[in-house]
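Colleague: One structure, as structure tokens, below. Some questions next.
All of the numbers you see were taken from the coordinates with simple rules; none came from a lab. Bear in mind that the values here come from a model prediction, so they are computed numbers and not experimental data. Cβ placement follows ideal geometry from the backbone for every residue including glycine, while neighbour counts extend to all protein chains displayed.
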């Protein structure tokens, strides 16, 4: 009896959308780069016997984040007020109190001697520190699902008894050679303490001849337990957060409630032609990706004259 595999019927729905499989090249944009719009979905194979058909051990893993790994950009990243606690302390009209904080937020002491958060009026940020993302030109920004071509596929995966959608992203970026390419952080699925069921990175870059876009997928699927794991020695590298103030440590650590019972890794590279739909198969993880050349619109700058 053959081992069950990912059901390709779940992803056939994209075939009509991506039927023009021709080798095309994105034109160089005004910024000097070739841009592409990329969409990725990552899902599991829920057949444990298929996953168990291979031997997975801690010694065989290559779990690491590339040095230039970054998270995707989101709207909150552009609206964040930097050094929020310091701004409250300096700009608030409330009476100054002891140099202390509640949960990392600047605070004052009331008449009863109880520390309360200092939530007074905050000085508005300057124009240069606060802006909305430009959806047409923002690199690595997570685009809304309304622009997605994977909506039908993702819905089928979510309804499937044999697959489970863990991660989906749609973004645009300039593609460069491997020495200059940024890697993108991937996390998804269920969360255990500060770690995730799916972790890893994907890198989109050119091949050596710069006539094909390449995806480097280094993803791992973690299984956790509250008890003592059957096999010892499983560990995870520090998780990239994108926040230089966050002290991330390897997992598990002294504060970890969960222990890793197994980690299954997908480590694959694939050259792709643009305007094609690609599928990366694995005993535990499936990845579907599309890459389309993107014509970066010219940026029109206007100054409304406001200070």
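Colleague: State, to one decimal in nm, how far the label point of residue 68 lies from the label point of residue 225, with both points 7 Å from Cα in the Cβ direction.
Modeller: 4.1
Colleague: Next question. Extension gain residue 54-residue 208, at 0.36 nm per residue separation less the Cα-Cα distance, in nm?
Modeller: Extra length available between residue 54 and residue 208 comes to 52.2 nm.
Colleague: Just subtract the alpha-carbon distance of residue 152 and residue 271 from 0.36 nm times their residue separation and send over the number in nm, one decimal.
Modeller: 40.3 nm
Colleague: Once R0 is set to 25 Å, what does the formula 1/(1 + (r/R0)^6) return for the Cβ-Cβ distance between residue 248 and residue 75, expressed as a FRET efficiency to the nearest 0.05?
Modeller: Computed FRET efficiency for residue 248 and residue 75: 0.60.
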